[in-house]
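This report concerns only the one structure given below.
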Amino acid sequence: MQKMEQASSVADRTRFLSVFKSMGLSPVALVLFAVLAVAPLIVEDEYINTLMVSCLLFGAQAMAFDFTAGYINVVNFGFSGLVGLGAYTSALLAVRLGVSPWLGLVGATVVAGMVGFLVGLLTLRLRGIFAAVMAWFVGLTLMELATAMVDLTRGSLGLNVPLFLDTAARRPYYYILFPIVIGIYVLLRVVTRSDFGLACRAIGQNIDVARASGVNPTKYRVINFTISCALAGLLGGYYAHYIGILTPGVMATTHTTEVLVLSYIGGKGSIWGALVAAFLIIPIFEYLKPLMQFRLVLYGVFLVLATIVYPTGLAGLSRSIGGWFREQRRKAKQNRHKSP
């Protein structure tokens, strides 16, 4: 009877873990997310809480960026333009129409996704650098429109945006963003582990072979790009109601560069690596704040070093360490069996 109860308990535990595994949440990921969930409750310093919000925000953007760069091998240099589009959409809905910021997030996601879909139809029939350059031009166009349409966006003067909450504390804003980040992570992990993700990875590795295998590259690339842009818009909407003021500078290409570096240092195509990289790199740059005028140079140095030292990024390093531990356990088991 006791053995049956133990077997039932093990089966229940296995089913419980399999549910999380199907969502891309490994035991390590669950532990890390649990740490992130309780960290602001332990840390009282507002500066640290602000830094953690920045890490989450940039990490989430890097995950969305990596979904395109790491799977269909298209670098969306207009990514920050889509983030800014989402920010201005949610902000203008609130300022001009009185829409709740919470509903504004939905509007930001939909509008950025629609624009991403149209841009994808126009650009993703192209190959190589052409698609990336076209996406960059779209981002620059969005920034120029935000600057020129002064009557609507107030241009460089800045648009005052209603905040989510009537508080200066950063902890509540962290807990608004935290479930959004988990949702983005789970969505991207589920999608990338599906047949759709397999097709996207095949396209990124060799588009001609993927086409010969019956995959429609344009279809999968456009869907992938649309999802990434929609998530960029969602995060832009959050940014607008978190910061409280918008200028066209939010669409600058320098922000895309920051997200790109986090994605590559984390490990292309890993999704989770980009989030981990944000919590490592953003605090370093905050510490180097006096050198912020050289931040693009520093980002370049980080990227070059990561490419030379470990091209597969943090995700590849993690796999190597995990493989080493598995090998050590295997050897230990062999030695135990050999011993008399």
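The values are calculated or read from the model by the stated rules, or taken from the named source; none is laboratory data. Predicted model only: the values in this text are computed from it and were never measured. FYI the Cβ positions are ideal-geometry reconstructions off the backbone, even for glycines, and counts take in every protein chain you see.
Okay, here's what the table says:
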read-out: Residue check, Ile203 under 22 Å from Ala112 (Cα atoms), in the same structural domain as Trp102 (by TED's automatic domain parsing) and among the β-branched types (Val, Ile, Thr); value: no
read-out: Unique residue being at pLDDT 90 or above, under 15 Å from the mean Cα position of the chain (by Cα) and surrounded by fewer than 24 Cβ atoms within 10 Å (Cβ to Cβ) when the list is Val38, Val95, Val53; value: Val53
read-out: Selection count, the range 147-162, where residues are crowded, with 16+ Cβ neighbours inside 10 Å and part of a loop (DSSP other than H, G, I, E, B); value: 3
read-out: Condition check for Leu262: in a helix (DSSP H, G or I) and touching a Cys at 6+ places or on another chain (Cβ under 9 Å); value: no
read-out: Search result, residues across the range 288-306 that are surrounded by 13 or more Cβ atoms within 10 Å (Cβ to Cβ) and at pLDDT 75 or above; value: Leu298, Tyr299, Gly300, Phe302, Leu303, Ala306
read-out: Candidates Ile243, Ile271, Ile227, filtered to the one that is at positive phi, touching a helix residue (DSSP H, G or I) at 6+ places or on another chain (Cβ under 9 Å) and assigned by TED's automatic domain parsing to the domain that holds Val83; value: Ile271
read-out: Some residue of the range 64-71 being assigned by TED's automatic domain parsing to the domain that holds Val261, surrounded by fewer than 24 Cβ atoms within 10 Å (Cβ to Cβ), touching a residue at least 12 places away in the same chain (Cβ under 8 Å) and closer than 18 Å to Tyr238 by Cβ; value: no
read-out: Set Gly214, Gly139: member being under 19 Å from Ile72 (Cβ atoms), not in a helix (DSSP H, G or I) and not charged (D, E, K, R); value: Gly214
read-out: The one condition in (1) over 15 Å from Val259 (Cα atoms); (2) in contact (Cβ under 8 Å) with a residue 24 or more places away in the chain that Leu303 fails to fulfil; value: (1)
read-out: Inter-residue pairs, beta-carbon under 7 Å, first in contact (Cβ under 8 Å) with a residue 60 or more places away in the chain and in the range 206-226, second among the polar types (S, T, N, Q) and assigned to a helix (DSSP H, G or I), 6+ apart; value: Asn224/Thr68; Phe225/Thr68
read-out: The lone exception for Thr123 - which of (1) modelled with pLDDT under 90; (2) touching a Leu at 6+ places or on another chain (Cβ under 8 Å) it fails; value: (2)
